[in-house]
């Protein structure tokens, strides 16, 4: 697998950095306090053409790929983690359409998203089934030419602001492998409503809500891909594509916190000299920088894996999501420590980086789940592709000897 930062990725990263410094950073504190959707920021991102980065050219986008998407998310998150996810969740919601949508569905959904005229959300998780997507209770029953959706979803990011919703529901309760299908639901469809709006610790500028489906009727042409029973497969592929974006958000948060901590340590004086001259502070900064860079390049490798349709994408996507988000939490916490008492006060932005970082360890698959995904894929790869090493592994009889034998062997 090659890790390539294309010219397009570099270009869109520069565009995102300009928007982040000119628009996002000055407004970040305002919308964190208000906990309102920042439409003026969304409009600036749309005007810059950034919503088209991951959309294929034939549907009005730039076709720049997942690495470019990650670079944009990183730059926006470096100024505000909430804005980073505000942008990235549109990729999450539209990936199922790109992966599995019919031509008609792609033509309807993707061009207005690429232009930033419409927003989209992803409805998978439920109250009792966060990491257990197969256990969802939302149902969609075929009634003539329509499916009738009943149930509710939890943690819908972008809910209320979004115009389109990619909704996963059970269409065949008796099946084990083809229980779930995905549907495209428009805002304003009768029976669809926004429920509880969550009061969050971080990423406060982007809404996270409950979405309710009380007999929502959608024509069968809104069944994603036109075939029932493939929803779980589409959801898992979507998460493989989207997890590098969460990791990029984490890298942006870590880098933003490191930037502030480095400047503060260079300006803050104790005992007549900048605290950056103290060995313990230097150790903190060095550790933060090394881990942030390591996480960044793992994200780029995972993004390249998606762009190249690498067969190991599931494992590397999980690795980058796990590692980068752990780094973000560690780096932002250390940045608060460097700021000392000031770091604990809302007068300064550094505490927000720590609050925003925490959610990256949880959503799109908690990090404990990522470890399971990584380990299971490692074992699968070992069984499939490492047979040439079996000659160097002890057999069962060699390692299960009697105690007397063990004593004789010393």
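Just so you know, all these numbers are worked out from the coordinates, no wet-lab data involved. All figures in this text were calculated on a predicted structure; none of them were measured in a lab. Heads up, the Cβs are rebuilt from the backbone with ideal geometry, glycines too, and the neighbour counts pull from every protein chain shown.
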Separation between the residue 175 and residue 220 pseudo-spin-labels, each 7 Å from Cα along Cα→Cβ, expressed in nm?
-> 1.4 nm
Label-point separation, residue 345 to residue 330 (7 Å along Cα→Cβ), nm | 3.0 nm
When only alpha-carbon atoms count, how far does the stretch 121-231 stretch along each of its three principal axes, as whole angstroms with the largest first?
-> 41, 28, 21
Share of pairwise Cα separations in the stretch 7-118, more than 20 Å, in percent = 36 percent
Hey, what D do you get for the chain in µm²/s if you plug the Kirkwood alpha-carbon radius into Stokes-Einstein at 37 °C and 0.692 mPa s?
-> 146 µm²/s
How large is the helix-only mean residue ellipticity at 222 nm for the chain, computed as the sum of -39500 (n - 2.57) over DSSP H runs with n ≥ 4, divided by its residue count, in deg cm²/dmol to the nearest 500?
-> -17000 deg cm²/dmol
Gain in span if fully extended, residue 286 to residue 194, counting 0.36 nm per residue against the direct Cα distance | 28.6 nm
What does the convex hull of the alpha-carbon atoms of the stretch 197-243 project to on average, in nm²?
-> 5.3 nm²
Using the Kirkwood formula on alpha carbons, the hydrodynamic radius of the stretch 200-323 in angstrom works out to 18.2 Å
So which residue, out of 163, 145, 310, gets the largest mean-square fluctuation from a GNM of the chain using Cα contacts under 10 Å as springs?
-> 145
Hey, how many Å between the Cα centroid of the stretch 321-382 and the Cα centroid of the stretch 66-101?
-> 18 Å
Just rank 43, 74, fewest to most, by other beta-carbon atoms within 10 angstrom.
-> 43, 74
Computed over the stretch 145-271, the relative contact order (Cα-Cα under 8 Å, seq sep at least six) in percent reads 31 percent
Projected label distance in nm at residue 5 and residue 18, using a 7 Å step from Cα toward the beta-carbon = 1.9 nm
